[in-house]
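Structure, as structure tokens:
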Amino acid sequence: MNNQQRNAPCHCGSGKKYKVCCMRKDEAQAQLSRQQYDVRRVIGPGTSPYIFWKRWSAACSRNEFGLVYDMLLAGGELSERFKTAEDFFVNLSEIGLPYEPVWSLDKIKLTETLCMFLCHRVDDEDKNADNIVSLVTLKRTESGLRVENVRKVVEKASPDFQLSFELFGIESAEHAYLLKCQTGWTRPDLTDESSRFVAPEV
């Protein structure tokens, strides 16, 4: 265990203070060396998107970022951006990973090859806080779902704010429906005589 003081000269000989030089890298190595779980025992081909989210959140909450890194898609945007688990760990604040209980999973969108999580950061204390929304894109692989990328947008607090995939330029039937309603369209009343189902005579 490295017991070097934060403000002491770094052990690498750079002349910089330890806290602005190798401290995060040393923390990463110490943290990653304690990893207990093999990703193949945590998620597999049969793991549903919701269970993936729960296990991803559990790993993040326990600071098991070696496991979290293994849940990334090999060759995906995040793994290409951070080539090693140590690099990934050092830049966690830049990435801004969403996970429970700090984030709420609001919507899941599925296609044949992709899965998308739409989630927002929870702030129960400040009702006027900006809306921080993340989109987690996952790809289906032979080993199960893997995270390709995490994108984030910040929207000013507003009573008209709508949490939607459209924030990331992704069309959704739900958002189209809401926009239609805003123009004055209303759903036909299913109790009207004109729309009431009448069983045919036998």
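The values are calculated or read from the model by the stated rules, or taken from the named source; none is laboratory data. Please read all numbers here as calculations on a predicted model, not as lab measurements. Please note: Cβ atoms are built from the backbone with ideal geometry, for glycine as well, and neighbour counts cover all protein chains shown. Accessible surface areas use protein heavy atoms only, side chains included; no ligands, DNA or RNA. Shrake-Rupley method; radii C 1.70, N 1.55, O 1.52, S 1.80 Å.
Here is how the numbers come out for the structure above:
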item	result
With every protein chain in place, segment 1-154: carbon and sulfur % of accessible area (1.4 Å)	46
Hydrodynamic radius of segment 93-134 per Kirkwood, over alpha carbon pairs, in Å	11.6
Where labels lie 7 Å past Cα in the beta-carbon direction, separation of residue 6 and residue 143 in nm	3.6
Residue-level accessible surface for residue 139, protein heavy atoms, 1.4 Å, Å²	80
Phi to ³J(HN,Hα) by Karplus 6.51 cos²θ - 1.76 cosθ + 1.60 over segment 156-171, Hz, x for Gly, Pro	4, 4, 7, x, 8, 5, 10, 7, 8, 4, 4, 4, 10, x, 10, 5
Spacing of the two label points (7 Å from each Cα toward its C-beta) at residue 166 and residue 104, in nm	2.0
